[in-house]
Structure formats: C-alpha cells, structure tokens
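The values are calculated or read from the model by the stated rules, or taken from the named source; none is laboratory data. Everything numeric in this text was worked out from a predicted model, so none of it was measured. Ideal geometry is used to build each Cβ from the backbone, glycine not excepted, and the neighbour counts take in all protein chains shown.
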Amino acid sequence: MNESPPALQLSQITKRFAGTAGPLDILNGVDLAMSGGEAVAVTGPSGSGKSTLLYIVGLLDEPTGGTLTITGEQPLEFDTAAQARFRNRNIGFVFQDHHLLPQLTVLENVLIPTLPLGGADATAETRARQLLERVGLGERIDHRPARISGGERQRVAVCRALINQPKLLLADEPTGNLDQATAESVGSLLLEIAAEQQTMLICVTHSLELAGRFPRRYELVGGRLEPR
Amino acid sequence: MKTGPLLLRSLLHYWRTNLAVLLGVVAATAVIGGALVVGDSVRDSLKQMSLDRLGNVSHALSGGRFVREDLADLLAATPAEGVELTGVAPAIAMAGSVEHEQAETSDVSARITRAGRVNVYAVDQRFWDLTTAEATAPEGNQAVVNRQLADHLGLKVDDEISVIIEIPAAIPRDALLGDRDETVTELLLTVTAIAEDEATLGRFGLNPTQQLPQNVYVSLDTLQQQVGLNAVRRTRRNPVAKPARVNALFAGIADEASAKGPNAEFAAEALTGQLHDELTLADLSLKLVGSEVRGYVSLESEQMILERTVADAAAEVAAELNAETSPVLVYLLNEIWNRESPDRYSMYSIVAGVDFEADPPFGPFEFVEGGPPAANSRRQIVINDWLAEDLGVSVGDEIGVKYKVVGDRGELPDEEMSFEVAGIVRLDGPAADPGMTPYVAGITDADTFSDWRQPFPMDLDRVTDRDEDYWDAHKTTPKLFLPLSVAQSLWESRYGELTSLRLAPPGGGDLDTFADEFEQRLLDALPPTSTGLVISPVMYQGVQAAAGTTDFTGLFIGFSFFLILSATILVGLLFRLGIERRVTQIGLLTAVGLTPREVRRLFLLEGAIVVAVGGLVGSLAAIGYAWLMIYGLKTWWIGAIGTRFLYLSVCPLSLAIGFTIAVIVALLAIWWSMRQLRGISTRELLAGVSDFSESTAGRGLHSRVAGRTAMVAGLIAAVLLLGSLTGLVPDDQEAFGGFSWQVVAFFVTGIAALVASLAGLSAVLKSDRAAAVRGKGIAALARLGLRNSARHRQRSVLTASLIASATFVIVAVAAGQRNPAVEAPVRQSGNGGFTLVAETSTPILYDLNTPDGRIQAGMGDGLSEEEQELIASARIVPFRVRPGENASCLNLYQTQLPTILGVPQDVIDLMTDEDRFKFANTPSDAPWTLLDEDRGENVVPVLGDMNTLQYSLHKGIGQTLPVPDTDVELQIAGMFDGSVFQGVLVMSEERFLELFPEEAGFEYFLIEVDPARATELADLLETRLSDYGFDAERVSDRLASFLAVQNTYLSTFQTLGGLGLLLGTLGLATVMLRNVLERRGELALLRAVGYRNTHVGLLVLWENAFLMLWGLAAGTISALLAMLPRLVSIGADVPWTNLELLLLAVFVVGMLAALAAVKEAIRLPILATLRSE
C-alpha cells in the first residue's frame, strides 16, 4: 500500500538566536509530519521555542536551518509576497490574543483574510456567516469586538482563521487568556472544526488539559519534539 | 469585506487620532497656502496701488527740462500712430517745502509747522480730468493738499500755507553767472480741498513706492507766473518772446489694457517720437541768434554753455551742411592790468577762446602788431587795440588777469594769471563781434555795469569811464583772445566747453533758410536719450515693479518654516501614535496573508485620505491664515510694508500649490512613520513592538545610527559656523530666492545643530547606562523618569524636536534684534559716527561748515553766539543727489536705479582717514577709496548698503547695474553694513558730475555733533534753512526706521515661531498623556508598591522636564550657534533677560501641559487599573 505523502513535513528545523552571552539554539532539529485533518498539540515550558516553531511553520519567522513542506510545496523558499499569498490561502492563525480589529464588526473581522484575494464575495460572506453560526455567534455578527466577551472574541478569531479554508490551522495559546470553562469550549471548538474542515491543527499550549484532548501530543524539550 | 469599507471603518473608529493628524495637515496647508496667498495679495495690492496712484495717467514725461506747454496740446491734437489718448496734461513737478502757521488755540500756542521734500504739482484742469478727481483744479491762490501733508502740518480747508520752491534757473546756480541770490520763491496759498489717501490725488506719484507721498497741487498759471515760466509776448520792454514752460507732461491712453501691458512701451516710443517731431530748439533751451550783418547764426544755450552732446551734434550737422563754423568759449575777466603799471587796468571784460585761423565771416583777425599765440601756449594772449591802449601795453608786455572760478561749495575764489601779449588785433571786423558772447539776461542786455544782475559782488567803484565807454560802444565784444583749446583748459565747466557755435551758410547762402534747415537737422540728430525728453510708460512700469516686488511668498514660507516643520513633525508624531496603537493590527493583517507592502499601502491610503481632507480644509484655512497675515501686515507689522492698502487676493493656483506641497510633506511624514515599522517581524508586531530599535533586527543598530547622525550633523554645523565666522561663506551673494549664502548658512547650521542635538538625545536614550535606576529620593525618581522617556525613544525625540524647533525660532529671532535708537554715534558702524542726517528740497551750494558758506546760504544773520558756537561745533558733510527710486527695505517695489549720492573728494578722504562706516565683505582696507578706482570705460564704482544690494537690487560685489538711457554701468565696489545709506548708492563726486552734470549743489547731509545737542542743531538748521526745505532727523531714527522693517519681520517670525511652539506644546501634551495611558498599569503598580501620588507625579513631570529641557537647550544652543556670526558683530543687542523669561515661560507652559498627564496618572484607581491590565 502506498502511503500518501504527509501534507506537512518539518525536517531538522533549527533556530538560533544571537545573544549577548553567545548564540542561543532554540530549536535543535525539529521533525514533524502531519496529514490532513490531524491535530497536534505542542507543550513545553516558557522559552522552550513553542511559539517560535509555530511562527516558522506559519511563515512568520525563518528557521536557521531545515526544510518545511506544506502540501508538497516548500514555502520557506518563496519570497515575502509569495509567502504572504501562500499563508493567506493555506494557513490560518489563532493567537492567544484575539487581535480583532475594533473598528470592524464580528462578520467583517472574520472576512479580513479575504482582503488579499480581492475582498469578500457573496460566497465568502455566506461562509463567514455559517462559521459564525457554527460557533454560536449567529446573533452577534453585527457587533463590534468591544461588545462581546473574551471567549466570543476568540471564537470569532477561530472563524477568521478558517474563512479561507486553510489546510493548516495554527493556534498559539488559544485559551491562554480565557477562563477554564471558556477555554474548554474554545479548545473543543478548535478540534471539532479542524476535524470537520479536514484541516491540520497545530496547537501550542501550556495547558496540559487542552493538550490532553489532542490525539497527538508533543513536548518541546531541548529544541526537539518529544512525543508524549 | 473590501478595502474601502475597512478604510472607512478605520477612519471613523480612530477619528480622534485622525482628527489630530488632520488638524496638523490643516495647519501645514494653511501656513504654506497662506504664505503663497500673502505673496499674491502683496503683489496684486502693489499692482493696484500702482494703478490707483496714477489714475488715468499711463505715460509721463518728467525729465527736469522745461519745454513748451503747447506741446501738450500738440501731442493731444495729433496723436501718434496707433495711440489713442484720453488727454495730455502739462504740469510743473518739483520738490518743495510747505509751511503753515498754526493759529493760537486754547490748547496750543501759535507755531509754524513745516514739511520738507513735498511734491509740488502745478497743474490745470487737464490733469484733474486725467486723475479722475471730481472737483475742479486749483486756480489763483488755491491749493489742494493730500491727506498725508494735511496731517503732517495739521491743515484743514481754508488754512493758509506757504509753498516754497526753487526758482528754475536758466543758468546752473553753481556756474559762474548762475543766480545765487534769488534761489527760492514762496507762494501764499489757501487750502481749498484735501485729497484723501484713497483718491489718486492723495497718492499721486511716478516712482513706484507703496508709501504715500506728501503732495500739494497748485495752479499751473500761478506757479508759472511766480517763477517766470509764463508766456511772455514780445514787447518793447521784453524784446524776447517766451512761451509758457512746463517740465512734465502726463498722458493717458484710451485702451486700458494697453496702458498696463507691454503695448504701453510701444505707445511710449510712439509718443516720444511724436514729441520729438514737435520739438523746437527752445524746448531744449537752445536758440539760433542770427547776425544778418555778419552773415552767420550762433547756436546758444539759455544755460550759457552748450551741452557736449548738443555741441557735438551741431558740429556734425554743420559739417553735413558744409557750413563754416566757429566754436567759441567766452569767459568773464574781472580785471586786466598792466604788470608794469598796475594802475592801468580794465574791469569786467570778456575773453574769448577762438580759432585764429578761421575763415570769413569769423576771421581773419587783423593784427596791428604781433600775431596769434604760439600753438597751445598757455602764456600768450591776443588783445584788441582798444585794450592795448587802455593798459598801455604792446607786444611782448605782460598783463595780469583776475577772474573768478567756480568752487566745489558754491564759492567763487579769485584766480590770477599773467600773459604775454603775443599780438594786438584791430577792434574791427571779426574781432569786433559782440555776438561771440551769448545772450545772458540781466548781464549782456544791461545798459551800464551798474545795471548788471550781479552774479557775484562786483567792485563797481573800480569801473572806469573807459570801461563804461567800451560797454556802451561794444557791449560784450571780447577784449582778449586765446586759442580755443587754451581757453577750454582754463574755463571749461562740467556742463560743456563751448558758449556758442557760430555757423555761416556755405557760399553766403540765405541765412534764414540755412537756420531753418540747421535747426531741423540738429533736432533730428539729437536722440531722445540725449535730451532726456523721453515719455515713459509709467503705469506699465509700476505694474512691472509690483510684479518684481520683494518675494513675500518666500518670505512668509521662510518665516513659517519652523511652523511648517512643527506641523509636519506633529503630523508624523500623531500618525505614529495612531500606528503604535494599531501595530498589532498590522501584525494581524500580515499574518492573514497581506504582504507588508500591502499593509503599508493600506495604512498610507488611510493616511492619504486624512491628509487630503486636511489639505482641502487647510486650503480654506489658508485663506483665513492669509487674511490674518494681511491684517497683521496692515496693523501689527505695518512697519514691514508701510501701507494700509493691502487686500486679500486669492489665486486658486496658489491654493492648489499650497495643497500639493502640504499634502506631499504630510504624506512623507506619514510614509516615514510607516517606514519605521519595516524590519519589525510580524510576530513582534503582534506582540505590540512598534519601535524598530526595540525589534530583534534593530537592536543596537539605532544607537549607532543616532550617534553617527549626531556626529555628522555636528560636523556640518561646525564647518559652516567656522566658514561664516571666517568670512568663507559670502554674505554678499544671493543663493536663491533672495536669500544670501549667509542666510542659507544660518538655516543649515541651525538645522544641522538641531539634528545633532536631537540625534544625541536619541543616542542617550538608547544607552541603558544613561541613568541606572538606583539610589533613593528625588534623584532616583529622576533617573527612573529618564529611563521612562527612553521607553518610546522616537516619540520622545520627536517631542523634544517640536520644542527645540520652536525654541530655535524664538532664540534666533531674539538674537537678531537690534535697537538702533540707543546706538551712539560710532565711526565704524552704520551711523559712521554721525548724529544727524538731513535732506533738502532745494540744493544748497555752499559749505555750511564755514561762516562764509553759512552767510551765503542765508543763515548768517541774527545767529546768537550760542547758536554760532553750536554750528561751529558740528561737522556737516555734504553729498550731491541724483534723485532716483527708493531702494531701501521701506519700498516693496522692484527698483531699477536708486537715488545716487555724489561724495566730494574731501569727504572720501575724511571717511578714509577716520575709517568711518562699517563695511561687509569689501575687498579693501580703505573701502571709500574704491570710489576713485578706474574700472574701465563707462564703468563707475559705487558703494551700497548690503540690505539694499541684496534684497532690493539683488546685486553683489563686482556686479553691475545699468544707468538707464546711457552706456554707463555702476559696479558695486563695496557694501556698507547696516548703514544710513540704505536705499541709495554712493559714488565719487567726480564721476557723479560727469554722469549728472545738471545736478548742482548738495541735498543730502550727514552731521556730526554732540548727540546731546543734536535736536537743538536740527531745529536751528531747519529754521534757518527752511527755504531749502532742510529736514534733519537723527541717524539713529533713520536707522531705526530701516531696522523697524527688519525688526518687524523678526517679530513676524517670532509670532509664527510662537504658533510653532503652540503646536509643540500640543504635541508634548498629547505624547505625555499617551505615555501615561499606556503605562497606567505600571504607574498603578508603583502606587501599589508604595509610591505616593507625589512620587508618581514627579516621575511623570521629570520625564516631561527632561524632554523639555533637552528641547529647550537644543533649540537655544543651535540658534545661538547659527546666530554666532551676527552676535559677534557690532550692533547686536540681544535682550537676554527677555529671552530667559521667554524660555522660562516655554518651560512652564510645557510643564503645565504635562500636569494634565500627571493628573490622569494619579486619578485612576489602583486596583481597577491593575485588574484591567
């Protein structure tokens, strides 16, 4: 039986920072392979490089070495503009802070990633509404971020990350700013939607509870991913 | 979701920030557009003033020469081709003085008020019609005065005034036979109307200036009668008929557009041509005196001397006509005597320089003994047999002659010479021709010597019967003859070298026919430029002069430079504050797939919309700003322009230019703000990093850049400063737009020093070791405050920049102030050591430093001993004057040829010996001697004031300016520095008299006297010399009036700098508030760990104070460095106390602005704030 190639492949990813006391290796050859619909949680202590790894995968940071393959392409070799396009089409982000634009409504915030594609058409808007309905915010689409709760804002951020039907969803401490109940709800939502959309999900978190709900779990130790 | 709605939502959501940016753009646009509108307004107002002051007079003849009044009618009756005239008005235009005896009232005792240098216009109804006056022209003893004169003298309708003018003299007053006694005349007139400032008559004048003149209008007939220029019919008593004369013709052409436009020049040429077609010799003060008996005509001048150009042209025409010619120069000898027997003498005889070889009818002379003198012998002479007998001399004997020569100061010293009698001619034939001497009224037509109009005190007691017999029988027939060249070398004057040119038709043709042909050909041969009878397109010239005026656009942009800079910095700062708040949005947009360029474009577009709207609003505000500036120029800063007749003139193009410039500048500021985000990674942006230097890529780099910038800018400032101090930066050459290199060096030095100090601040803030947080008490708080100000370094630097630029303006302006009123006379300064400067309406021929001169000038009688002692204690230095345009900074119009002063040689020597006046960049240790240098044919060296040369004439040392209608160029040899000679050029008297021989006497005086007695002396001279219109004022006052313009400009600069400071303070308050709001959590924490509110307040205040102090110090030091070349010069008068108070006020205002932030910092409840964080 021929196994299909992984949709995401990290090979020997390294990251070194120049520091006052000499170079500091944060990532020391990270390897990871994922297929569509898979969900991975990465845990590790503060400063272990979890977020750095996530940003490298999300093309928002450059590794010092190693290769990154996403859906058969090696976007690290693209120029900045091409990387932006690639990111727009293939990668969705959910940050610890929701980063919603206060001047826009909930619906408009979700549609933000459609801007690089020339703006939202009716299809995109329908999808945005569906996503918001799906996360239980159907009644809040015209609200401004200031008028919804923290959990709701993070759910909007999840919808925003999914609006372009990305192949890869990256979540950086998505529940870090939420209370336990809300965190649980957002965590569930991420896993459910990723599964529904057949989107690969990498979630970086401190929360062992959240990580425990992921089928694949890794801990970043000494700059390498150790399965847990 | 599209870009449009996103932009709209963002614009509305961040309306406070956007509004602040918008207001900044409004300020920048208003200032730039307003400056352009001010420039337009001044130009258009001056143009309108040119039109208003001329009424319908588009063309004028005003050469000083008196021509027939009939020419006005002839010009009007037979218009030149293509020129339709609305009228031609003859007039006499002269300078004079006006006196008014104010009646005693309950408040004021009776007193006489005087006004010197008043424009006297003698006119009739034709002038009135041209100047659109409603009433009728003055007649009889009526006078109309303008408001300026009325206010000066306190005149009202029905008041009596005395108008004192110089009597136009046929023979120049400083010539031997010039009339020195009756030089002025007085008209007693009644004021019948006062012409208001708004009316043409209220401001009538041909020279372009915005300052209102003092005018009096009198009846043409009355003045002509008074000064003997009226028509005289030939009668037995008056054997010579004379036409009425005028010295000005004012014409209006019907086509208004042509009157103001370039076509006016063609019309002027056509009118000049037509005028010359109508001229007769009489209009040039020439006449042909026929001698039927002797068969010749003699070309004579009413001035007694034929002008060189006339004599040359006449000789050429005579040659063309093959006429026999005899040029003659006669002179009056007071006494001739036998050297052997001095008791044998003859009084008041004529000597003639002639050609002894002349053919009939001018020769040959019949010698009874001897013959003509040896060629060019200055020792031999020929006398007639009557004189030989009278003196008892024969050939070989010595005779003595005594005659008067014309001195420099109107004196007529006696000269004596001895001649050997070379030949004796018979008093017959060509040698017995009284026609060799031209007609001189009052002398040649006198019956006896006692009837002579004595040109000097004559010793009639020594006149013998034989003298009277000779006069009776032979009148002006010369008794002595010399070769013409010898006579010319002895007695030629600056006016010419012939007294007549006798002409005989070839072959004994008809004398009348020959005379007519000669006259016509001579008139044709004399170009208008040589006669000075040129009709000028005065209206067009006025419009042109208005167009080339002082560039007020550049001036106001210059004045507003730091205001624009402040507004731009504020725009950048405010936009940046907005961006900093939204930095995570930028990160997000990048994260979701927008390229950094797309994100920047999105924000730039948002900024561009704000800027565009701000620009549009600013364009409207520009009109308001310009209105305010115009209002300021008419009121607060009237000293800068001296006229209230400015109006707002809005040109859409200027607004569009202002809009474009402001928008581009603001967009650059915004682009620069956005550019600061380059290099910050998305991750850092998402984390809220907004300062590149805080980013991973920028760490360390920025401090190095800041340090290097500080060094390079400091080096530039130092080099320029050294260049300015050592004179390497020329201050006499225009760099661009009317700014000299010195001014450019000032700006560049100032900006470089500012940049250096602010880059230094940036480097200091970057240095972590700048202020380690340690210790206790207020010092520790101060250090913590300093560290806090390093938190957003760029923000802090921008804030300090705002303060620094405003401070720079205030300090630089204060350092540029001068107070000439307190300047004592100092020889090496702008006053040259003189206390008074005086001008007259009528030239004074005499040396006022000598008792004789004072007596001759008419101020000798009745002086008390004290007054005599006062005058004797003063030194009065005279200058000749060629009136021209006022080229000082008091005149906004572009000038062609300013008034020229002629400096006598003894004054040049005095100035040189005593090292008087201060010069700028003049390449000589004895600058006054430059006036004597030979700079080649037709090049005359002149000295001028630096301000006049740079800002009015736009000339530097070595450059030339032409003297209109001549081939002569004036070359700038040196520059006075801030002198009383503003607005004029100075040349040597020798060159002056070559160029302007017609300018007799002295009309400008500098007087050295004890300052404590200056007012007393001024009063004495003004009273005693009132006939001359003597008008004296303190040199310091004159300098003050010049410097008032400069100081007014400085206060304008200061006002606009103050507005910049306001913007700076606004910026500071905004930044402080923002800092506090951003750090409310930190501040709450400090309070939570035990800091008292006072501590927190001090912390914030210190942070503010640090930036304020740095800004103030940077601005002050930069300004003082930039102004150092000026501060080390004489006359700098920095009001240090005021300056210190002002800077203190700036500091206090800034600290007050910070108090709002302090209040905010301690207002928030600790717990809620910590929780919200």
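Take the conditions at pLDDT 80 or above and within 30 Å of residue B:575 (Cβ to Cβ) and apply them to residue B:800. Does it pass?
Numbers: at pLDDT 80 or above: yes; within 30 Å of residue B:575 (Cβ to Cβ): yes.
Criteria met by residue B:800.
Six or more apart or on different chains, Cβ under 6 Å: which pairs go from a residue in region B:1089-1107 that's on the phi < 0 side of the Ramachandran plot to one that's at pLDDT 80 or above and aliphatic (A, V, I, L, M)? Could you list them?
From region B:1089-1107, the pairs are B:1107/B:800.
As an exercise: evaluate residue B:948 against (1) more than 28 Å from residue B:1011 (Cα to Cα); (2) buried (at least 24 other Cβ atoms within 10 Å of the Cβ) and give the number of the one condition it does not meet.
Unmet for residue B:948, out of (1) more than 28 Å from residue B:1011 (Cα to Cα); (2) buried (at least 24 other Cβ atoms within 10 Å of the Cβ): (1).
If a residue has to be of a type outside the set (Asp, Glu) and within 13 Å of another protein chain (Cβ to nearest Cβ) to count, how many in region B:564-607 make the cut? Write out each step before concluding.
Narrowing region B:564-607 to residues of a type outside the set (Asp, Glu): B:564-579, B:581-597, B:599-605, B:607.
This time we only want the ones that are within 13 Å of another protein chain (Cβ to nearest Cβ), so: B:578, B:581-597, B:599-603, B:605.
Qualifying residue count, region B:564-607: 24.
Being at pLDDT 90 or above and among the basic types (Lys, Arg) narrows it down to one of B:287, B:242, so name that one. Even if it seems obvious, please write down each step before you answer.
Numbers: B:242 fails: at pLDDT 90 or above.
Step by step, each of B:287, B:242 is checked, and only B:287 is at pLDDT 90 or above and among the basic types (Lys, Arg).
Which of the residues spanning region B:971-1005 are under 23 Å from residue B:1033 (Cβ atoms) and not in a loop (DSSP other than H, G, I, E, B)?
Selection gives B:976, B:984, B:985, B:986, B:1002, B:1003, B:1004, B:1005.
Taking residue B:218, is it under 25 Å from residue B:302 (Cα atoms), touching a Leu at 6+ places or on another chain (Cβ under 8 Å) and not aromatic (Phe, Trp, Tyr)? Walk me through it before giving the result.
Numbers: under 25 Å from residue B:302 (Cα atoms): no; touching a Leu at 6+ places or on another chain (Cβ under 8 Å): yes; not aromatic (Phe, Trp, Tyr): yes.
Answer is no for this residue.
If I filter region A:89-101 down to residues being touching a helix residue (DSSP H, G or I) at 6+ places or on another chain (Cβ under 6 Å) and more than 7 Å from chain B (Cβ to nearest Cβ), which single residue comes out as farthest from residue A:55 (Cα to Cα)?
Looking only at region A:89-101, we keep the residues that are touching a helix residue (DSSP H, G or I) at 6+ places or on another chain (Cβ under 6 Å), and these are A:92-94, A:98-101.
Checking which are more than 7 Å from chain B (Cβ to nearest Cβ) leaves us with A:92, A:94, A:98, A:100.
On the way: A:92: 11, A:94: 11, A:98: 16, A:100: 19 Å.
Taking the candidates together, the pick is A:100.
A quick yes/no check of all residues on (1) of a type outside the set (Ser, Thr, Tyr); (2) modelled with pLDDT of 90 or more:
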| site | (1), (2) |
| --- | --- |
| B:545 | yes, no |
| B:556 | yes, no |
| B:571 | yes, no |
| B:595 | no, no |
| B:610 | yes, yes |
| B:617 | yes, yes |
| B:620 | yes, yes |
| B:626 | yes, no |
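Can you pull out the residues in region B:288-332 that are in contact (Cβ under 8 Å) with a residue 24 or more places away in the chain, outside any loop (DSSP other than H, G, I, E, B) and of a type in the set (D, E, K, R)? Give the steps one after another, and end with the answer.
Step one: list which residues in region B:288-332 are in contact (Cβ under 8 Å) with a residue 24 or more places away in the chain, which gives B:288-292, B:294-311, B:313-318, B:320-332.
With outside any loop (DSSP other than H, G, I, E, B) added as a condition, the list becomes B:288-291, B:296-301, B:306, B:308-311, B:313-318, B:320, B:324-332.
Passing the criteria: B:300, B:308, B:316, B:320, B:324.
Out of (1) modelled with pLDDT of 75 or more; (2) surrounded by fewer than 19 Cβ atoms within 10 Å (Cβ to Cβ), what's the single condition that is false for residue B:819?
Going through (1) modelled with pLDDT of 75 or more; (2) surrounded by fewer than 19 Cβ atoms within 10 Å (Cβ to Cβ) one by one, residue B:819 breaks only (1).
Does residue B:399 satisfy the criteria of being of a type outside the set (Asp, Glu), modelled with pLDDT of 95 or more, surrounded by 16 or more Cβ atoms within 10 Å (Cβ to Cβ) and farther than 18 Å from residue B:502 by Cα?
Values: of a type outside the set (Asp, Glu): yes; modelled with pLDDT of 95 or more: yes; surrounded by 16 or more Cβ atoms within 10 Å (Cβ to Cβ): yes; farther than 18 Å from residue B:502 by Cα: yes.
Yes.
Output yes when any residue across region B:336-356 is among the aliphatic types (A, V, I, L, M), part of a loop (DSSP other than H, G, I, E, B) and in contact (Cβ under 8 Å) with a residue 40 or more places away in the chain, and no when none is. If you could, list the steps in order and put the result at the bottom.
We begin by selecting, within region B:336-356, every residue among the aliphatic types (A, V, I, L, M); these are B:336, B:347, B:350-352, B:354.
Restricting the remaining residues to those that are part of a loop (DSSP other than H, G, I, E, B) gives none.
So far as region B:336-356 goes, no, none of its residues is among the aliphatic types (A, V, I, L, M), part of a loop (DSSP other than H, G, I, E, B) and in contact (Cβ under 8 Å) with a residue 40 or more places away in the chain.
Find all pairs meeting these conditions: Cβ atoms under 9 angstrom apart; at least six residues apart or on different chains; first residue within region B:853-864 and at positive phi; second residue aliphatic (A, V, I, L, M) and in a loop (DSSP other than H, G, I, E, B).
These pairs meet every condition: B:858/B:1025.
Just for helices (runs of 4 or more DSSP H) wholly inside region B:1-83: which have at least 1 residues that are at negative phi and more than 14 Å from chain A (Cβ to nearest Cβ)? Quick ask: steps written out before the conclusion?
Details: elements: B:3-13, B:15-54, B:70-77.
Filter on region B:1-83 gives B:15-54, B:70-77.
Being modelled with pLDDT of 90 or more and either polar (S, T, N, Q) or surrounded by fewer than 16 Cβ atoms within 10 Å (Cβ to Cβ) (or both) is true for just one of B:965, B:906. Which residue is that?
Exactly one residue qualifies, and that residue is B:906.
For the structure I just gave you, tell me whether residue B:613 is of a type outside the set (S, T, N, Q), within 14 Å of another protein chain (Cβ to nearest Cβ) and either buried (at least 24 other Cβ atoms within 10 Å of the Cβ) or in a helix (DSSP H, G or I) (or both). Lay out the reasoning, then the answer.
Values: of a type outside the set (S, T, N, Q): yes; within 14 Å of another protein chain (Cβ to nearest Cβ): no; either buried (at least 24 other Cβ atoms within 10 Å of the Cβ) or in a helix (DSSP H, G or I) (or both): yes.
Criteria not met by residue B:613.
Please work out which one of (1) closer than 16 Å to residue B:595 by Cα; (2) within 11 Å of chain B (Cβ to nearest Cβ); (3) assigned to a helix (DSSP H, G or I) is the condition residue A:107 fails and give its number.
The single condition residue A:107 does not satisfy is (1).
Taking region B:1028-1037 as the region of interest, how many residues are buried (at least 23 other Cβ atoms within 10 Å of the Cβ) and assigned to a helix (DSSP H, G or I)?
The total comes to 3.
For residue B:199, are the conditions met, namely being surrounded by fewer than 22 Cβ atoms within 10 Å (Cβ to Cβ) and out of contact with any helix residue (DSSP H, G or I) (no Cβ under 6 Å at 6 or more places or on another chain)? Working first, answer last.
Values: surrounded by fewer than 22 Cβ atoms within 10 Å (Cβ to Cβ): yes; out of contact with any helix residue (DSSP H, G or I) (no Cβ under 6 Å at 6 or more places or on another chain): yes.
When the stated conditions are applied, residue B:199 passes them.
If you scan region B:98-122, which residues turn out to be touching a Ser or Thr at 6+ places or on another chain (Cβ under 8 Å) and either of a type in the set (Gly, Ala, Ser) or touching a residue at least 60 places away in the same chain (Cβ under 8 Å) (or both)?
The answer is B:98, B:99, B:100, B:114, B:115, B:116, B:117, B:118, B:122.
Scan region B:875-893 for residues that are buried (at least 20 other Cβ atoms within 10 Å of the Cβ) and either within 15 Å of residue B:847 (Cβ to Cβ) or among the polar types (S, T, N, Q) (or both) and jot them down. Full working, then the answer.
Step one: list which residues in region B:875-893 are buried (at least 20 other Cβ atoms within 10 Å of the Cβ), which gives B:876-882, B:885-893.
Answer for region B:875-893, where residues must be buried (at least 20 other Cβ atoms within 10 Å of the Cβ) and either within 15 Å of residue B:847 (Cβ to Cβ) or among the polar types (S, T, N, Q) (or both): B:876, B:877, B:878, B:879, B:880, B:886, B:888, B:891.
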